[in-house]
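The values are calculated or read from the model by the stated rules, or taken from the named source; none is laboratory data. Please read these numbers as outputs of a predicted model, since none were measured by experiment. Here Cβ is always computed from backbone atoms with ideal geometry, including for glycine, and neighbour counts include all displayed protein chains. Heavy atoms of the whole protein, side chains included, go into the accessibility calculation; ligands, DNA and RNA do not. Shrake-Rupley method; radii C 1.70, N 1.55, O 1.52, S 1.80 Å.
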Amino acid sequence: MLRGVNLADTIAAIATAPGEGAVAMVRVSGARARVIAEATFRPTGGGALRPRRLAHGHVISPATGAVIDEAMAAWMPAPRTYTREPVLEVTCHGGRAATAAVLQAILAAGARLAEPGEFTLRAFVNGRIDLAQAEAVRDAVAAPSADAVATAVAQAAGALSRAVGAIRDPLADLAAALEASLDFADDGVPDIDRMRAGTVLRLAGEAIDDLLATAGPGRVRRHGLRVALAGATNAGKSTLFNALVGSPRAIVSDEAGTTRDTIEEVVAVGGTAIVLIDTAGWRSGPGNQAGTAERLGLERTEAALAEADAVVHVIDGTDPGMAPTGRARLATLCADPVPVVEAWTRADLTGSAPVVEAWALDAVATQGVAGGTGARPTRGVPPVIEAIRVSALTGEGIDVLRARLHALAVAGGTNPRTADRTGGEVVTNARHVAAIQRAREAITRGSEVVSAGLPDDLLAADLRASVAALGEITGETVGEDVLSRVFRTFCIGK
Amino acid sequence: MPAPEWWDGDGDGIWDVVVIGAGHAGLEAALAAARMGSRVLVLTADPGTAAAMPCNPSVGGPAKGHLVREIDALGGAMGILADRTAVQVRMLNTGKGAAVRALRAQVDKARYATAAAEMLGAHPNVTRRRAMVTGLVTVTPGSPPGAPPGSPPGAPGPSHVAVGVVTAAGERVAARAVVLTAGTFLEGRLVRGNLVEAGGRHGEAPATGLSGNLGALGLRTARHKTGTPPRVDARTIDFSRTEQQPGSPVPLWFGHDPAARGEVITGVPHPAYPGVDRDGWRVQVPCYLVHTTPAVHDLIRANLHRAPTYDGTITAPGPRYCPSIEAKVVRFAEKPRHQLFLEPEGFETEWVYVQGANTSLPDDVQAAMLAAIPALATARILRPGYAVEYDHVPADQSWPHLENRSVAGLFLAGQVNGTSGYEEAAAQGLLAGANAALRARALRVRPGACDVPWDPWHVRRSTSYLGVLVDDLTTATHDEPYRVHTARAEHRLLLRHDNADLRLVPEAVAIGLVGPGRAAAVEAKRDRIASLLAAIGRARVLPSHEDALHALGFPPVARACTAREYLCRPDVGIAFLGALGDDALRLGVDDDVAAAVEVEAKYSGYVRRQVDEVARTARMDEVAIPSTLDIGAVRGLRAEARERLGKFRPVTVGQASRIPGVTPADVAVLLVRLKAR
């Protein structure tokens, strides 16, 4: 099986810059672009998309036909496109998680998430752009990242790899037993026990379902970590939000309690999508004289926190005394202990003062990045994994915070409610999710082969597909691994 | 580049293809090149024989049988020879699905070798000569052939060009292409107990010197080990204590074309063999199953210190799939018994091969071991088992068309490439011989040149086990003799016994390996498959067919449905068509058509999935990596990828992507680099 970037696939990604204004664009490229357009876009007034004409309509779920978003779509046949492949561009309401939902509908219709730089790579491979541009692509694709992100990726990969390996192992053993019976029938290797095979498949299927559930049940499956920005009113949440998003979106003013609603924005960080949620703040101090609108906002904040995979606790760096109160407040609002990154704002005003308390940094050292090998946080106490000084004005710390969120996203930034089921490892990487889903489909087919009494060569094909798909995560190739198991387990050689 | 003066490019003094060795690889190489019009010289120690079987007397089995069908589709000899000289034929894995159904024949070793030698001798383009080759004659290219003018020194490309061979007698033979099929003869060493003698196989001297000559040309050699079991005298076996395994009651053939088969050579089975079938479609002798006993295992354990593989005499790795009996007893200590098949080595001969008892233990232990098995209590050993250790030239140094990367014009095939098995050797021989002929063709039209660019014939993983075999050999280094298994093919459902001709005949015709008549036959078969598929989509199975269906062992239908729908039920096989009494649905003698239709109709989802997979990967396999690309100069590759790609020199991006240690990012870098050229 080919392990490289597969240029024959149809790929999709959010093409607009993070948080760019009120609209976002999802771009699809590849042979299936037209088919995907038909499955996911319903033009107003019916009819089909005409080449290179912008059409108004609705993005629909390819499975149910339910309307997901109002959108504009344009379909461009090859080769006069950016990639020289058929391209579909869907422009939808930006700045909302719905962008992710649109992307998800398109993925469900048969596209796969593009690798970083893949549109450009295709444009280059198909002779659309020149070498200078391609050099940039190559750097993006191949450059090793030396920062903390790489460490987090490695840690996460280790945990996920172990979990996937535990599912793959019995499947590979079953595949070995089956292959041995096919290739060495005359060597006294018995046929496999189909009842046992059925059990192995069922258990593997269930384990995969549990693992897939961590990918975000009923939510932004395949697409992104939900990060809530929370903190006292006027701590600088919206300013930080805008700095992270890269353009003004939330209304910012110096008057406390401006953000009455929660605002979501999908931000692409290092190839991973993050859904940033700006929440209404709580009144600092014991006063709590909030108006009705603000009380409603707080309820929404609570709901947002309950759904978040990680929280950025925004603390006014010029008022460090409020930090303990804020932490207590956050503890009451978070039903479960999600990982918390503290952002100490207004670093430009605090100069080089050591505002970050030592205990917070200790917490980082002992707990490590969530999803890694650190101790499990105690229920009810949000674990602070890092405190970072930031300034929206000078940009200080923004990149560090971004990198940390990316690390959390790749590490499977852990909503413990779902992580409990599998022991901590969470699947957020789209490629991993896709591989695991392919394994699941193969297992389902294999179970059908067993129950319908279909021949062994078909079961072998399904087992091989499942073992190969899971191996894409654990880094094992199916052929040699299965053969090694055959020779280890069975006395071959008549 | 210009040829040396003695190399008379116009005259008859130059052979198109010189084949060294006449084993299974050498036979197919010589015949393939000859079929393509090359003048072929075969140099062998004994021109009176060819395709000898120093190990088991059988051809085929899972994956191996598929290879034989492919060889036959490509016009090769192996299927025909097995068909003609079989002692017994069986279809294996019949209940396990169309993809793994595999044919195996026990053959008459002596008749097989004789028929092979006759076939070789009968071809007008083939000359045989007795000679021991001791070295290659090579010339050194001034600048790397194929590399553009001004290329830096050290840019990839062959460092030598083979223009002939030298024999032990000192004779220099000029050739446009050399195919080396040395088998186990390179510095071969036979070992049993404390006896170590030089030899390529029993009773035959090894090839000495050639291996050193290859080393001097920069080729890396390594040792492999394999083994063979004792042969016993049929007259001393108590067959009443064995379990008979009879041949197939229905005719089965490797060959696609009955006209090409020739006469079946049968014999009068030795009277010692019980259970002979004399009245069937051909005379067949059974095989006989026995088992080892705890006493045998005790004997082996007690004498392990005398086993060359355990006392350090032999250190070269042997095949995991063909372990010695001592290795089985050590590695699977918990197994109370191991099965052994007693396989007659021919019709008239009393020589019986003890399949499963490979050993290099001393003679006295071998005798005691067999004596501890009831059926063999009084068996006389005609020849003890022995291990053979030999040099091979790891095929990771070859292009996928089996030409060596350092020595242009030198093709290697068979065990010398680090494989095991007659079928693997034969298939490689065919590929190497055909490519040698293509090279010779290109050289012939350029008199005076001894190296010119030419287009090799490549086989693909998605269309043949031969493609899987060659891809595996050239994209990884194997530390044991390589054998094909169906488990190695990722598109197994597409690589079936029944469709080898559909898969391969068109390309065989394209390069002149087989005549256009075969292509017409294949198209006719495709048409029959298509029309039968269409017919079962129309024909209806009715409740009234109940009795006729029942007679064939199939269930009735409650409501009418199409034959195709009915076929999709798991408990229904294609044979039910006989119950419908419709002439359009009559299955002919051509079982392949029925098999293909059954797979297409019943498992269309699976077939489509694999076809899609092939299509997805095909694009990568179409992106060529020119031999002149300097991998070391490709910026952005990780160090490991650079090392791997430099070592294996993949010819396509698809092949590169299959090399362990090459990541998707490396593949992307490579794609970018290739487009930039």
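Quick notes on this one:
- At q = 0.09, 0.19, 0.21 Å⁻¹, base-10 log of I(q)/I(0) for the stretch B:437-555 (Debye sum, equal scatterers on each alpha carbon): -0.48, -1.11, -1.17
- Packing, taken as the mean count of other beta carbons within 10 Å per residue, orders the peptides A:49-56, B:200-207, B:267-274, A:85-92 from highest to lowest as A:85-92, B:200-207, B:267-274, A:49-56.
- The residues B:Glu622, B:Glu565, B:Glu523, B:Glu389, sorted by heavy-atom accessible surface at 1.4 Å with ligands and nucleic acids left out, run B:Glu622, B:Glu565, B:Glu523, B:Glu389 from largest to smallest.
- Whether the stretch A:19-113 is rounded, prolate or oblate, judged on the alpha carbon gyration tensor where a/c under 1.5 counts as rounded: rounded
- Summed buried accessible surface, chains B and A, 1.4 Å probe, nearest 100 Å²: 5000 Å²
- Chain B: C-alpha gyration tensor shape, a/c 1.5 cut-off, then a/b vs b/c: oblate
- Distance between the stretch B:515-569 and the stretch B:447-465 - C-alpha centres, whole angstrom: 41 Å
- Compared with the rule-of-thumb size 2.2 N^0.38 Å for a compact globular protein, the stretch B:277-420 has a Cα radius of gyration ratio of 1.32.
- Inter-chain shielding of B:96-104 (mean C-beta neighbours from other protein chains, 10 Å cut-off): 5
- Residue mean of other protein chain beta carbons inside 10 Å, A:300-311: 0
- Peptides B:415-427, B:18-30, A:189-201 ordered by average Cβ neighbours within 10 Å, highest first: B:18-30, B:415-427, A:189-201
- Peptide B:488-494 has a mean shielding of 4, counted as Cβ atoms of other protein chains within 10 Å of each residue's Cβ.
- Based on the reciprocal of the average 1/r between different C-alpha atoms, the Kirkwood radius for the stretch B:433-494 equals 13.9 Å.
- Chain B: antiparallel DSSP beta bridges as a percent of all, rounded to 5: 70 percent
- Accessible area (Å², 1.4 Å probe, nearest 10) - A:His58: 60 Å²
- Alpha carbon centroid spacing (whole Å) that separates the stretch A:430-477 from the stretch A:175-203: 15 Å
- Table column - 3J(HN,Hα) (Hz), the stretch B:191-208, Karplus curve with 6.51, -1.76, 1.60, x for Gly and Pro: 9, 8, x, 9, 8, 10, 9, 6, x, x, 7, 3, x, 10, 6, x, 9, 9
- For B:Leu412, the residues whose amide H sits under 5 Å from its own are B:Leu180, B:Asn404, ignoring neighbours fewer than 5 places away on the same chain, with H placed 1.01 Å from N.
- Net charge over other residues, Cβ less than 14 angstrom from the Cβ of A:Ser447 (K, R count +1; D, E count -1): 0
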